[in-house]
Amino acid sequence: MLEESERAIFEVPIGPQHPALKEPILLLFKIEGDTIVDVMARPAYTHRGVEKATEARNYIQNIYLCERVCGICSCIHTLVYTQGVEKLADVEPPPRAKYIRVIMSELERIHSHTLWLGVAAHELGFDTLFYYVWRDRELVMDLLELISGNRVNYAMSTVGGVRRDISDAVAHQIKKGMEILRKRLDVYTEVVEKEPTLRKRVIDVGKLSPHDAVALCAVGPTLRMTGVKRDVRADDPYQAYDEIPFNVATYDTGDVLAQIIVRVVETYEAANIIDYAIDHMPSGPIKVKVPWNIAPNEIITRGEAPRGELFYYFKSNGTEKPERVKIRTPTLGNIPAVCEMLKGYHIAEIPIVFAGIDPCLSCTARFAFIDERKGKSWVWSGDQLRTYRRKYYKRYGR
Amino acid sequence: MAMESELAGAAVRKPVTLKYPFERRDVPPRFRGRLAWDAEKCVGCGMCVQVCPAFALEMVGKGPMAELRYYLNRCVFCSQCVESCPRDALSMTEEYELADYKHKVYEFKRG
Ligand code: SF4
Ligand code: SF4
């Protein structure tokens with residue numbers, strides 16, 4: 001044993017460009033031997049100015065801008081955006097549109113969770129499972145393509161309803177697809193329950209306690225895997241979720257295995273929700289007219305994205321363009337939690353623990369500084385901002 | 001010990017990957033490809049230009065005889081212009097192999 005003073009703590013930066021990461025983030029680890037003692041995360045490398053750009057476009061154009069905040073959550077972003085604009089203008093979408101939105105966002109949840117399962121298997125070095133899961137994910141991608149005409153950006157929700165109807169023939173195909181999906185999920189559940197190579201890598205890895213999860217504002221499956229039953233769909237129902245019965249999936253071990261199980265159970269639930277929604281879909285119009293200019297108003301709205309709570313803030317000013325749109329994406333809420341989850345584990349476990357929260361970093365950078373006169377733009381970390389504040393107040397006083 | 005039957009099944013299955021460009025899938029019925037314009041129907045109202053999120057459409061001239069300029073490289077294939085057109089003058093084709101080194105600009109002309 002080394003004495004306290006002789007123990008060396010190394011700083012190991014991972015990212016922003018690193019083979020183990022798919023997206024740019026800086027994770028600065030303090031490492032003792034092979035054990036992680038502390039983590040600092042800096043996600044702001046991909047500021048795209050989406051919020052500012054919304055102020056220069058009208059409410060219709062912004063649907064397609066917000067759709068592109070994230071390539072995987074493209075349906076839930078348009079859903080929450082249009083839901084917010086409807087609230088702003090005080091119009092109610094027709095019931096059939098609400099059901100179609102639910103079906104689309106649940107199909108998206110299936111595609112996102114199966115995508116994550118594949119990525120998690122890949123991070124564990126279990127590439128066979130990765131390929132099989134992604135092969136079966138094509139089933140949902142084909143259904144989404146059949147309904148909307150596109151695999152990624154569905155362009156389904158619009159302000160006042162949805163743009164395309166689901167015909168009986170398509171509804172029948174979706175139900176058939178869900179049957180096949182359930183059979184495939186049974187296989188993967190068995191793999192997760194029985195495959196020792198997988199279980200050894202995920203049990204008791206990346207643990208998070210329910211207390212920490214709540215204190216660090218974790219959202220979505222990252223919160224539910226600790227046993228906390230919180231889901232926007234159940235707690236603050238939007239669209240048709242108050243009419244559809246479903247269970248909120250939770251698990252209590254709070255490790256990576258719990259992340260996998262919560263997501264697999266949620267995928268089953270999503271298939272059940274889709275079946276129920278198709279059976280109980282009301283007939284009628286799918287769209288109502290919404291005024292082009294929206295009176296001054298201010299609202300917040302949210303929805304449950306595959307990764308957790310997605311939050312939008314809107315302010316309108318009586319014109320056809322919003323005055324301010326603020327977007328808070330779920331990954332931003334999960335970054336403090338993942339830093340806590342990494343502590344005490346080994347370097348080899350970084351990829352799977354970090355991938356466990358299903359990070360989508362392109363939507364975490366939320367502000368940048370722009371100097372119009374000098375034509376410069378830059379990003380500051382919290383520390384840099386504090387230093388600037390100290391200097392500013394020293395010079396100009398309070 | 002749960003992958004054996006899966007692996008055995010996959011060994012005799014045909015690969016799922018298509019050998020593009022030699023094999024192609026059919027496009028789905030609601031596919032959104034390159035934009036097409038019908039000069040006969042267009043009344044030059046400019047609605048399509050107002051709603052386009054990518055600023056991919058531009059009016060050339062004014063009034064009922066106005067023509068359209070379509071910047072293909074900007075278009076995000078949302079088909080909002082098609083939906084907003086009061087005269088159904090716009091439609092989306094099934095053409096999807098549109099990658100190019102040049103910025104393609106289509107001048108939609110009358111006659
Ligand atoms: S499809 Fe969308 S992006 Fe393309 S021209 Fe029409 S409105 Fe613009
Ligand atoms: S909206 Fe239709 S009618 Fe109006 S200018 Fe565009 S293409 Fe022509």
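Observations
- Rounded to whole Hz, the Karplus (6.51, -1.76, 1.60) HN-Hα couplings of region A:334-346, x for glycine and proline: 8, 5, x, 5, 5, 5, 5, 5, 6, 5, x, 9, 9
- Close amide H contacts of B:C45 (hydrogens built in the peptide plane, cut-off under 5 Å, sequence separation of 5 or more or a different chain): none are found.
- The calculated FRET efficiency for the pair A:K175 and B:E58, based on their C-beta separation and a Förster distance of 60 Å, comes to about 0.85.
- Annotation: amide H-H contacts under 5 Å for A:G206 (H modelled 1.01 Å from N, sequence separation of 5 or more, or interchain): none.
- Summary of the geometry: region A:115-134 and region A:274-319, compared by the centres of their Cα atoms, lie 34 Å apart.
- For A:I370, A:I274, the sequence from fewest to most other C-beta atoms within 10 Å is A:I370, A:I274.
- Order of B:Y70, A:Y392 under a 10 Å beta carbon neighbour criterion, fewest first: A:Y392, B:Y70
- Whole-Hz couplings from phi, Karplus 6.51/-1.76/1.60, listed for region A:350-363; x for Gly and Pro: 4, x, 6, 5, 5, 5, x, 7, 6, x, 10, 7, 5, 9
- Counted charge near A:Y345, where neighbours are those whose Cβ lies closer than 15 Å (Asp, Glu -1; Lys, Arg +1): -4
- Isotropically averaged projected area of the protein assembly as shown, using the convex hull of Cα atoms (one quarter of hull area), nm²: 30.5
- Loop-exposed GluC sites (Glu not before Pro) per DSSP, neighbour cap 10 Cβ within 10 angstrom, longest uninterrupted part of chain A: A:4-371
- Counting only cysteine Cβ atoms and a cutoff under 4.7 Å, the protein assembly as shown contains unmatched residues A:C66, A:C75, A:C217, A:C339, A:C360, A:C363, B:C42, B:C45, B:C52, B:C75, B:C78, B:C85.
- About its Cα centre, the dipole of region A:50-340 is roughly 560 debye, where the only charges are +1 on Lys and Arg Cβ and -1 on Asp and Glu Cβ.
- Magnitude of the charge dipole, the protein assembly as shown, Cβ model with Lys/Arg +1 and Asp/Glu -1, debye to 20: 2080
- Summing +1 for each Lys or Arg and -1 for each Asp or Glu among the other residues whose beta-carbon sits under 14 angstrom from that of B:V82 gives +3.
- Checking every one of the chymotrypsin sites (Phe, Trp or Tyr not before Pro) in region A:306-370 against DSSP loop status and a limit of 16 other Cβ atoms within 10 Å picks out A:F367.
- Per-residue Cβ neighbour rank within 10 angstrom, fewest leading, A:D186, A:D165: A:D186, A:D165
- When you restrict to C-alpha pairs under 8 Å that are six or more residues apart and normalise by the size of chain A, the relative contact order lands at 24 percent.
- Dipole moment magnitude, nearest 20 debye, region A:72-124 about Cα centre, only Lys, Arg, Asp, Glu C-beta charged: 120
- When the chymotrypsin sites (Phe, Trp or Tyr not before Pro) in region B:25-65 are filtered for DSSP coil states and for at most 16 other beta-carbon atoms within 10 Å of their beta-carbon, the remaining sites are B:F55.
- Whether region B:30-108 is rounded, prolate or oblate, judged on the alpha carbon gyration tensor where a/c under 1.5 counts as rounded: prolate
- Close amide-amide hydrogen proximity is noted between B:R30 and A:G149, each under 5 Å apart and 5 or more residues distant or on a separate chain (H modeled in the peptide plane; Pro and chain starts excluded).
- Here A:K287 is the anchor, and the aspartates and glutamates within straight C-alpha reach of less than 17 Å, apart from those fewer than 8 places off in the same chain, are A:E86, A:D90, A:E92, A:D165, B:E83.
- Bridging of A:K30 to lysines at a Cα separation below 19 Å is possible for A:K207, A:K343, once same-chain residues fewer than 8 apart are set aside.
- Per-residue ³J(HN,Hα) for region A:22-38, Karplus 6.51 cos²θ - 1.76 cosθ + 1.60, θ = phi - 60°, Hz, x for Gly and Pro: 8, 10, x, 8, 9, 10, 9, 9, 9, 10, 10, x, 10, 9, 7, 9, 8
- Estimated [θ] at 222 nm from DSSP helical runs (n ≥ 4, -39500 (n - 2.57)) normalised by residues in chain A, nearest 500: -15000 deg cm²/dmol
- Measuring r between the beta carbons of B:S91 and A:Y393 and using R0 = 45 Å, the FRET efficiency lands at 0.15.
- Longest DSSP-loop-exposure-free segment, GluC sites (Glu not before Pro), chain B, at most 14 other Cβ within 10 Å: B:41-93
- Options A:T114, A:I31, A:T78, ranked by Cα towards positive dipole end of region A:31-125, top entry (Cβ charges): A:T78
- The modelled label-to-label distance between A:R324 and A:A348, using points 7 Å beyond Cα along the C-beta direction, is 5.0 nm.
- Neighbour cut-off at most 11 other Cβ (10 Å), DSSP loop, trypsin sites (Lys or Arg not before Pro), region A:204-305: A:K289
Each reported figure results from applying straightforward, stated rules to the coordinates on display, with no laboratory input. Bear in mind that the values here come from a model prediction, so they are computed numbers and not experimental data. Note: ideal-geometry Cβ built from the backbone for every residue, glycine included; neighbour counts use all protein chains shown.
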